[in-house]
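See below for the structure under consideration.
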Amino acid sequence: MRPRFSPPLSPLLFASSNLPFHPSFFGPSHAAAKALDTGPIVIDQAAMNMACIGDADPFTAAIPATKVELTVSCRNLLDRDTFSKSDPICVLYTQGIANREWREFGRTEVIDNTLNPDFVRKFILDYFFEERQNLRFDLYDLDCKSDNLSKHDFLGQAFCTLGEIVGSLGSRMEKPLIGIPGKKCGTFIVRAEELSNCRESVMLQFCGNKLDKKDFFGKSDPFLVFYRSNEDGSYTICHKTEVVKNNLDPVWQAFKIPVRALHDFIGDFSTRYREMSRSQSQFHVYEVLNPKKKGKKKKKYQNSGTVTLLSCLVDTELSFLDYIRGGTQINFTVAIDFTASNGNPSQPTSLHYMSPYQLNDYAMALRAVGEIIQDYDSDKMFPALGFGAKLPPDGRNGNPQNPYCSGIDGVMEAYYQSLKSVRLYGPTHFSPVINHVARYASAVTDGSQYFILLIISDGVITDMAQTKESIAASLPMSIIIVGVGPAEFDEMIELDGDEERISSQGRYAERDIVQFVPFRDYIDRRGNHILSMARLAKEVLAEIPDQFLSYMRTRGSNRAPCRPPTPPVPPRPSTPSSAD
């Protein structure tokens, strides 16, 4: 590895999950309003271009990557009872992202007269790779039947993230209990297990027949968008098909979607996921209804066409957590733009300005992404690279003998030290840092390691052709690009590959491995930097598990690495005087 910071190597078809499908067609005038309403809608692309949806909260009704079940044990708890052992209970709290408040999530059962409980009641949590899900476990000795915890003796507590638990060896984590000064409170043990039904996916294919004509000079360009309904009545997008141009009888390509994204039902055609999966060999035909036309024409109106479910195949696949539990390590590298366009770091107008009161955008992006990924790296030693800087007279920056930074705090320290010793210069070359990480990724292609490169930059890429060539390689890596500052970032948007797969010299990238976002789009308008960082992390990391699984599928792998043996829960101490 190189020193810590180095110069550049130099229809609209709303498919609700909990409600029946009521397919509908809408033209341009009705599309925007109805996009936020209930029921599935098939919509023409021209109408969709006119739709306008307001700001959305990225933490509202997100689809969990999966669900995990937590099992808690403790050893050597404090004995707070006079004539017997403690009667422990474990209370789990989760922390809100925006307000950072702790909220009680659930409680285990009470186990009488023991200092070494193995609780039977589980905690089932939604798991999001892209979020820092802070957890707090409090232990109490119950002295009476009151639900008020202040009436019971506190035995200690443990703090962690859900990512720490699932990222630990065998998804089992052990920590000392804390919270009572001067006391050894015992040991806290928690295991995570992914729920088996979260591994199912369903392959669906739909076609349309005699759909309404919506365009003035041609036929409609229909596509389907599937939404699932949430408990609060809101809707969350699950999938969008491709657009079929100029066709009133479209056949959309088959697509695969996790069953968990549908929450038991596929949608709103007065049918349910389970019903469709039981009759996989039969066609299901649904009428597409337009409430506006139905109201005007009344008895004369029949429908706006039909949508047919051509196939429904259910499959069970390895999940991201299967690989993590099997020992896959996530290797994190960061590359920071030290070009002169960022401005003089000593001036408040600079994007690298080190304010004593708040983090700059570079530092916020570093911490937002790094604090989540470090839970999946066992040694938490991260290489950090820089590009575009002119080195000090001795030609060195950082410590060549120790090129790694210890945790995200170490990366932050290296970043700040580098700002004091290098001169911002140029050019903005991405390919050297991509190739640097790619060399390591090319040596480990069996799924035991996956590489994530975070590039933070403020402007125009000056080696676009070389960068495209580097990205087109088929390696176990993902690239996150965060744009800071007011630039347009056209080149970075092109690298994202959402609209068109990246190609170089006629060779197309095997997978979409780049995720680009401009940080300014996620900054909280009220100045809540914690919320800004959480929004950024959620956006740039959400695709990582699917990108990893996509890589494994291209390699024809449907087997996780050999799962390391899960360390057993320590046996209960057994002494002649023990009541356990």
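Farther than 30 Å from ARG367 by Cα, outside any strand (DSSP E or B) and not aromatic (Phe, Trp, Tyr), is that true of GLU131? It is false that GLU131 is farther than 30 Å from ARG367 by Cα, outside any strand (DSSP E or B) and not aromatic (Phe, Trp, Tyr).
Filter the range 432-442 down to the residues that are open to solvent by 10 Å² or more (accessible area, probe 1.4 Å) and either at pLDDT 95 or above or touching a Ser or Thr at 6+ places or on another chain (Cβ under 7 Å) (or both), then identify the one that is farthest from ARG553 (Cα to Cα). So the residue we want is PRO432.
In the range 338-355, the residues that are on the phi > 0 side of the Ramachandran plot reach residues that are part of a loop (DSSP other than H, G, I, E, B) and of a type in the set (A, V, I, L, M) with C-beta atoms within less than 9 angstrom, at least six apart or across chains, in these pairs: GLY343/LEU351. A single entry from ALA509, ALA465, ALA472 fulfils the requirement of being open to solvent by 40 Å² or more (accessible area, probe 1.4 Å), more than 19 Å from the chain's Cα centre (by Cα) and among the hydrophobic types (A, V, I, L, M, F, W, C): ALA465. Restricting the range 313-324 to residues that are open to solvent by 30 Å² or more (accessible area, probe 1.4 Å) and not hydrophobic (A, V, I, L, M, F, W, C), which is nearest to TYR404 (Cα to Cα)? Among those that are open to solvent by 30 Å² or more (accessible area, probe 1.4 Å) and not hydrophobic (A, V, I, L, M, F, W, C), it is GLU317.
On inspection, ILE178 does not qualify as touching an Asp or Glu at 6+ places or on another chain (Cβ under 9 Å), over 30 Å from LEU313 (Cα atoms) and among the hydrophobic types (A, V, I, L, M, F, W, C). Can you confirm whether ASN331 is at pLDDT 70 or above, within 30 Å of GLY410 (Cα to Cα) and surrounded by fewer than 16 Cβ atoms within 10 Å (Cβ to Cβ)? In short, no. The residue that is farthest from LYS213 (Cα to Cα), counting only those in the range 228-251 that are open to solvent by 50 Å² or more (accessible area, probe 1.4 Å) and assigned to a strand (DSSP E or B), is ILE237.
Restricting attention to the range 390-413, the residues that are at pLDDT below 90 and over 26 Å from the mean Cα position of the chain (by Cα) add up to 14.
The values are calculated or read from the model by the stated rules, or taken from the named source; none is laboratory data. Nothing here was measured: the structure is a model prediction, and the numbers come from that model. Reconstructed Cβ throughout: ideal geometry from the backbone, glycine too, with neighbour counts over all protein chains shown. With ligands, DNA and RNA removed, areas are computed over all heavy atoms of the protein, side chains included. Shrake-Rupley method; radii C 1.70, N 1.55, O 1.52, S 1.80 Å.
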